[in-house]
1. Once you put a point 7 Å from the Cα of A194 and another 7 Å from the Cα of T211, both along the Cβ direction, what distance in nm separates them?
2. Whole-Hz ³J(HN,Hα) for each residue in the range 109-116, computed from phi via Karplus 6.51 cos²θ - 1.76 cosθ + 1.60 with θ = phi - 60°, x for glycine and proline: what do you get?
3. Using a cut-off of 14 Å between beta-carbons, work out the net charge of the residues near E108 (Lys and Arg +1, Asp and Glu -1, E108 not included).
4. Kindly state, to the nearest 0.05, the FRET efficiency for F11 paired with L201, given R0 = 25 Å and r defined as their beta-carbon distance.
5. Return the carbon/sulfur percentage of the accessible area of the range 92-181, one whole number, probe 1.4 Å, all protein chains in place.
6. Using a 1.4 angstrom probe, figure out how much accessible area the range 12-52 has per residue, in square angstrom, rounded to the nearest whole.
7. Could you work out how much longer the chain between I61 and A178 gets when fully extended? Use 0.36 nm per residue separation minus the Cα distance between them, nm to one decimal.
8. Calculate one ³J(HN,Hα) per residue across the range 137-147 by plugging θ = phi - 60° into the Karplus curve 6.51 cos²θ - 1.76 cosθ + 1.60, and present them in order as whole Hz with x for glycine and proline.
Amino acid sequence: MIVAGAFGDTFRFIADNPGFLATKALEQVELSAAALGIALAVALPLGVVLGHVHRGSLVAIGASIVGRALPILVLIGVFLTVLGIGFVNNMVALAVLGTGPILTNTYEGVDRVDRDVVEAARGMGMTPLQILRAVELPLALPLLFTGLQVAAVTIVATAPVASVAGGGGLGDIIVNQASYRLSGVLAASVCVMALSAAVYLGLAGLQRAVTPRGLRGTTVGTVPIRKEQL
C-alpha cells in the first residue's frame, strides 16, 4: 500500500507540475546535448581514422575503460578546480563519460570491415577516401550507432548528478527531497527514465533513416560493393 501510495503521489506531482518538470527536463537535455556534441567531435573522427589505418586499438580500448571507470563525481570535482561550478564544468565531465563508447565502437566498426571487401573496392580503382566514405563507414554504421546510443543514454541518465555542481536539470529535484518530498524525487526520476528511453528510440530511428536500404539488418563487412556506390 505504501508503494502504491508513493507512485500515486508521483504521478500526481507530474500532473500538478508539468511546466516545472518540462523546464528542468529541457535544462538536462541542453546539458546532455552539449556534452554529447563534444564527445562526438573528439571521439568520432579519431575512431574513424584509427579504424581506417588499423592502428590504435589500445587507445580505443583504454579510452573506453577510463571513461567507464572514472566516477562522474570525481570528474566533476577535478574540473571544479579549472572550470568552476556550473554548466561548462558538468558539460566537460559528461563529455569525458561519453567519449569512450563512441571512440571504441567507431574504431571497432571501421576496423572490422571485411578486408576482402576493402580489397575488392581498391581493385575497382577506389581511392582510400572513397573506400572510407562508400565502403567502411556504411558498413560500420551499426557499431557506430551502438556506441552513440550507449554514450547518449549514459550521459542523459547520469546528468542529474551534475546538479551537485550547479548543473541544473532534473537532478535539482532528485537531490532536494526536503523541498519536493519523495513524490517529487520519484517524478523527476520517472522523467529521467523517459528521457533516456526517448533518446535511445530516437537514435534507433535515426540509424534506420541514414542506413542505406541494402545494408539494413546486415552485419559489419558482409555486403558486396558495387561500382554505383561510388
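1. 2.9
2. Per-residue couplings from phi come out as x, 6, 5, 8, 4, 3, 4, 5 Hz.
3. Around E108, the charge tally is -1.
4. 0.70
5. 57
6. Spelled out: the 1.4 Å probe surface of the range 12-52, per residue, equals 48 Å².
7. Contour length minus the Cα-Cα distance gives 37.9 nm.
8. Listing the rounded values in order: 5, x, 6, 8, 3, x, 6, 4, 6, 4, x Hz.
The values are calculated or read from the model by the stated rules, or taken from the named source; none is laboratory data. This structure is a prediction, so every number in the text was calculated from the model and none was measured. Positions of Cβ are generated from backbone atoms using ideal geometry, with glycine treated the same way; all protein chains shown enter the neighbour counts. Accessible surface areas use protein heavy atoms only, side chains included; no ligands, DNA or RNA. Shrake-Rupley method; radii C 1.70, N 1.55, O 1.52, S 1.80 Å.
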